[in-house]
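Have a look at the structure below, then the notes.
The values are calculated or read from the model by the stated rules, or taken from the named source; none is laboratory data. Computed from a prediction, not measured in an experiment: that's the story for all the values here. Cβ placement follows ideal geometry from the backbone for every residue including glycine, while neighbour counts extend to all protein chains displayed.
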Amino acid sequence: MPFTVLIVDDSPVMRTFIRRVINLAGYADATFVEASDGREALARLEDCSPDVILTDINMPGMGGEELLQELERNGTLHTTPALVISTDATRDRLHRMMHLGARGYLAKPFLPEDLRRELERVLGANHASAE
Amino acid sequence: MQVPSETLLSSLQETVRTVLETMFFSTAEPVECCHGNPSIAARLAFRGDPSGELVVTVSHDLAQALAAGFLGVDFEEVTAEAERNIVCELANMICGAVLSHLHPDAVVALDSPHCAEPDFPAGGAHQCFAAPEGMLAVTMSIR
C-alpha cells in the first residue's frame, strides 16, 4: 500500500539518500514531502498528512526537539509516528527524543535494512515492503 | 572528560571505515600523511561537555566518488555543490559517531558543518586515509 513520508533534514543530500534507501527497500511507490527544518515541516503538514515523519535533530531554525514538542502539542504525534534519524547517539539525546514522543531512533551511520525495519515496525503490515 | 589520544585516533579510524562502508559504499585505509591533492574541507564544532572540533578534508576525486555512491548517480552527474554537501554530511556523521562512541553519556550539541579552507589543525588527533578514488584526512580535537 503506498504511503507518504515527510523527511525533515537540513542536508539536501541526506534527504536524497533517505528517499533512495526507501525506494530501494521495496517501497517504490512511496511519496515524499521534504522540509529543511522544523518550521518548514509544520508548514508542509498544513497541506499534507504523511504516514510517517522522519526528522533530523540538529537543524538551523527549528530543530528536531522543538518540532517533536510542537507535534505533540498539536496532536499530530497521536496519529502520525515520527522517527528520529541523527548522528547523535548519546544516551541523553536518545532518551529525550523518545520522551518527546519519537517512536524510533536511527543513528547514522545506518544500513538501508535498518531503516526498512523501522518503517515496517511503525507503519505496520499494511505498508510492508514489496521485497 | 579527557580521552587518551590513542583512543581517539583508534575511534576515528574505526568510525571512518564504518561510515564509508555503510553510507557511502566505499572503503578507506589509514595511511601516512599525504596532503598534496586539491581538496574540499568541512569544519564542525561541538559544544557542551566535551567541546571540540572536527575537520574533514577530502580530495576532489574522492568527494565526487562518495557523492555518486551516496546519491546513487553517475560521476558526471555530481555537481560541485553536491560534493561540498557530501563532505559536510561526512563530517557530521564522523563527529556524531565518534562522540557517541567515546562519550555515550555526554550532553553535547553539534553545530551544523560548513565548508572551510582545507586545513590540518595542530593539537588534535589526525589521520589520513587512502581510498581507491582519492585521499581523506580527519582531524579531531576534544577538550
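Would it be correct to say that A:Leu115 is of a type outside the set (S, T, N, Q), closer than 18 Å to A:Arg20 by Cα and not in a loop (DSSP other than H, G, I, E, B)? Answer is yes for this residue.
The set of residues in region A:29-56 being more than 14 Å from chain B (Cβ to nearest Cβ) and part of a loop (DSSP other than H, G, I, E, B) consists of A:Asp29, A:Ala30, A:Leu45, A:Glu46, A:Asp47, A:Cys48, A:Ser49, A:Pro50, A:Asp51.
What tally of residues in region A:64-80 results from selecting those that are among the small types (Gly, Ala, Ser) and assigned to a loop (DSSP other than H, G, I, E, B)? Working first, answer last.
Filtering region A:64-80 down to residues among the small types (Gly, Ala, Ser) leaves A:64, A:75.
Next cut, assigned to a loop (DSSP other than H, G, I, E, B) only: A:75.
Residues meeting the conditions: 1.
Can you tell me which residue among B:Glu83, B:Glu14, B:Glu77 is within 30 Å of A:Glu65 (Cα to Cα), at pLDDT 95 or above, loosely packed, with under 15 Cβ neighbours inside 10 Å and not hydroxyl-bearing (Ser, Thr, Tyr)? Reasoning before the result, please.
Details: B:Glu83 fails: loosely packed, with under 15 Cβ neighbours inside 10 Å; B:Glu77 fails: within 30 Å of A:Glu65 (Cα to Cα).
Testing whether each residue is within 30 Å of A:Glu65 (Cα to Cα), at pLDDT 95 or above, loosely packed, with under 15 Cβ neighbours inside 10 Å and not hydroxyl-bearing (Ser, Thr, Tyr) leaves just B:Glu14.
The single condition from (1) within 14 Å of another protein chain (Cβ to nearest Cβ); (2) free of Cβ contacts under 8 Å to residues at least 40 places away in the same chain; (3) in contact with a strand residue (DSSP E or B) (Cβ under 8 Å, 6 or more places away or on another chain) that A:Gly63 fails is (3).
Report whether or not A:Arg96 is within 14 Å of chain B (Cβ to nearest Cβ), buried (at least 18 other Cβ atoms within 10 Å of the Cβ) and part of a helix (DSSP H, G or I). No.
State all residues of region B:94-143 that are of a type in the set (S, T, N, Q) and in contact (Cβ under 8 Å) with a residue 60 or more places away in the chain; if no residue qualifies, say none. Correct list: B:Ser112, B:Gln127, B:Thr139, B:Ser141.
Against the condition within 14 Å of another protein chain (Cβ to nearest Cβ), more than 15 Å from B:Ala130 (Cα to Cα) and buried (at least 22 other Cβ atoms within 10 Å of the Cβ), how does B:Leu71 come out, does it pass? Steps first, answer last, please.
Details: within 14 Å of another protein chain (Cβ to nearest Cβ): yes; more than 15 Å from B:Ala130 (Cα to Cα): yes; buried (at least 22 other Cβ atoms within 10 Å of the Cβ): no.
No: the conditions fail for B:Leu71.
Of all the listed residues (A:Gly101, A:Gly61), the sole one being touching a Lys or Arg at 6+ places or on another chain (Cβ under 7 Å), assigned to a loop (DSSP other than H, G, I, E, B) and of a type in the set (Gly, Ala, Ser) is A:Gly61.
Against the condition of a type in the set (S, T, N, Q) and under 29 Å from B:Ala67 (Cα atoms), how does A:Asn74 come out, does it pass? Answer is no for this residue.
I need a count of the residues in region A:18-27 that are within 14 Å of chain B (Cβ to nearest Cβ) and either outside any helix (DSSP H, G or I) or at pLDDT below 95 (or both). Looking only at that region, the number is 6.
Can A:Leu83 be described as outside any loop (DSSP other than H, G, I, E, B) and at pLDDT 95 or above? Spell out how you get there, then give the answer.
Numbers: outside any loop (DSSP other than H, G, I, E, B): yes; at pLDDT 95 or above: yes.
Yes; evaluated as a whole, the condition is true for this residue.
Taken together, the residues in region B:104-117 that are within 28 Å of B:Ile40 (Cα to Cα) and either in a loop (DSSP other than H, G, I, E, B) or touching a Phe, Trp or Tyr at 6+ places or on another chain (Cβ under 6 Å) (or both) amount to 6.
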